Amino acid sequence: MQRLIRGTILHFLGDPGTEPAPASWQLFADGALLVEDGLVRRVGEAAALLADAPEGTEITDCRGKLILPGFVDTHVHSAQLDVIASYGTQLLDWLTKYTFPAERLFKDEAHGERMAGLFLDRLLASGTTTAAVYPTVHKQSVDTFFAAAAARKLRMLAGKVLMDRNCPDYLRDDVAGAEADCRDLIARWHGKGRLGYALTPRFAPTSSPQQLAMAGRLFQEIPGLHLQSHLAENLDEIKWVHELFPAQRSYLDVYDHFGLLGPRAIYGHCIHTDATDRVRMAATRTAIAFCPSSNLFIGSGLFDLDQARNAGIRVGLASDVGGGTSLSMLEVMADAYKVLQLKGQHLNPWRAFYLATLGGAEALSLEDRIGNFAVGKEADFTVLDFDAIPILKHRSGIARDFAERLFALMILGDDRAVAATYVLGELAYRRP
Ligand SMILES: [Zn+2]
């Protein structure tokens, strides 16, 4: 069964960089995407694809709209929808005051099921089709999340949060119990359909050295696992890590010591790192999830994108909801632009959309499956509507070229601009 979607098509072949290199993207003003059995069969000019389309091809006409690969959110907490927009704290108080009590509710499986469905439906309504997700410490929060993702045929990474110290009793696990839970969840979910397991120590302060060592053992032992955590988000947090792990040179060095770096490891934030850390991250091919909305909202600091990219580190964009204030990667891009303005850097729209699609896939080492419309990739995509938001319609209507329209979309867009989202070539969301 073949399906052809016609519209303006944009996808990326590499990082456009700071002075955008046109060879790094393909743009078809009147383009088409041919999907067969959930995979990309062909992309190009609509006239050529229409001429060759076999009889019976289902044609969806989205002319005037922009078809992009589904957004990739490289760091987000499915259990924190209740925490979004919580007033007046920075990281460590925010965790204690808002986040831990909200995560406690996930002990109840029915709550987890309800929230996983709501979370994934809101992702799809925002055009996001893949994410690296933190449920909670509760094993059942991972089961309900993976079940909801499997029902929607989504490519998702997630894993049980590990935390065996410096947290409330009601969220505390222990090394042996956590290892047994991880092994059981991995056996039942890892590699099932489009799901992948990510070992998820919350962050160094809430795991004992023994628990971090256990995570490192599993990471080395079981092929294809991902690993995700937080790194160098907030200055008080970093001070605390130095007190807890006095023998380690830096925060990154704690994770390195326990074998938690590597090409399938991704760390959120990484705002306050030094040159030695960055050399080590590049050498181990450890990736960064850049969370601009969250970093602004919790007041953590300004990430330096050029510094990370110049060091050769893969970087994806991330909402980090509930520290972040929106699941929409368009809004995350706008905040990334503003953060980088304050660093004296200019995030051009080509690079921003690359970071939110192929760049995110690369940061998660999933670029062989998703991220652009290369033939054979999984056909997850979103259809964006420049006319859906009055001020965006006005601004893009007077734009002199496509780059200007694209920039207006990333600065003024949000989930209202998402007309539809497709998963494996099938309609998964349509704007009401
Ligand atoms: Zn986070």
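List of remarks:
- Prolate/oblate/rounded call for the range 71-363, Cα gyration tensor, a/c under 1.5 rounded: rounded
- The chain: relative contact order as a whole-number percent, Cα under 8 Å and 6+ apart: 20
- The Cβ shell under 15 Å around Ala180 holds other residues with a net charge of -3, Lys and Arg each +1, Asp and Glu each -1.
- Cα-based Rg / Dmax (Å) for the range 45-137: 20.1, 61
- Helix-only mean residue ellipticity at 222 nm for the chain, each DSSP H run of n ≥ 4 adding -39500 (n - 2.57), per residue, nearest 500: -10500 deg cm²/dmol
- Mean Cβ neighbour count within 10 Å, used as a protection proxy, ranking 42-51, 349-358, 127-136 highest first: 127-136, 349-358, 42-51
- Cα→Cβ-extended label distance, 7 Å offset, between Ala110 and Ile398, nm: 5.5
- Judged by the gyration tensor of its Cα atoms, with axes a ≥ b ≥ c, the range 73-190 is oblate; a/c meets the 1.5 cut and b/c is at least as large as a/b.
- Over the range 188-261, relative contact order from alpha-carbon pairs under 8 Å, at least 6 apart, %: 34
- Highest mean packing first, where packing is the average number of other Cβ atoms within 10 Å per residue, the peptides 335-342, 396-403, 314-321 line up as 314-321, 335-342, 396-403.
- Under the Karplus curve 6.51 cos²θ - 1.76 cosθ + 1.60, θ = phi - 60°, whole-Hz ³J(HN,Hα) for the range 348-354, x wherever Gly or Pro sits: 6, x, 4, 5, 4, 5, 4
- Table column - 3J(HN,Hα) (Hz), the range 74-86, Karplus curve with 6.51, -1.76, 1.60, x for Gly and Pro: 8, 6, 7, 9, 5, 8, 10, 5, 6, 9, 4, 6, 9
- For the range 208-270, the spread of Cα positions along the three principal axes, ordered from largest to smallest, is 35, 23, 16 Å.
- Loop-located trypsin sites (Lys or Arg not before Pro) in the range 185-239 (DSSP state not H, G, I, E or B) with no more than 16 neighbouring Cβ atoms inside 10 Å: Lys192.
- Helix 175-189 axis, angle to the chain major axis (alpha carbon atoms, nearest 10°): 20
- The range 278-291 - phi-based ³J(HN,Hα) in whole Hz, Karplus 6.51/-1.76/1.60, Gly and Pro as x: 5, 4, 5, 4, 5, 5, 8, 6, 7, 9, 10, 9, 8, 10
- For the pair Glu36 and Arg431, a Förster radius of 35 Å applied to the C-beta separation gives a FRET efficiency near 0.85, rounded to the nearest 0.05.
- Neighbour-count ranking [beta-carbon atoms within 10 angstrom, fewest first] of Cys182, Cys62: Cys62, Cys182
- The trypsin sites (Lys or Arg not before Pro) of the range 263-312 meeting both criteria, a DSSP state outside H, G, I, E and B (loop) and at most 16 other C-beta atoms within 10 angstrom of the site's C-beta, are Arg285.
- Using alpha-carbon coordinates, inclination of helix 235-244 to the longest axis of the chain, degrees: 40
- Amide H contacts under 5 Å for Asp387, placed H, 5+ residues apart: none
Read-outs: derived from the displayed coordinates by stated rules, not from any lab. If you're wondering where the values come from, they're calculated on a predicted model, not measured in any experiment. Every residue, glycine as well, gets a Cβ built from its backbone with ideal geometry; the counts of neighbours run over all protein chains shown.
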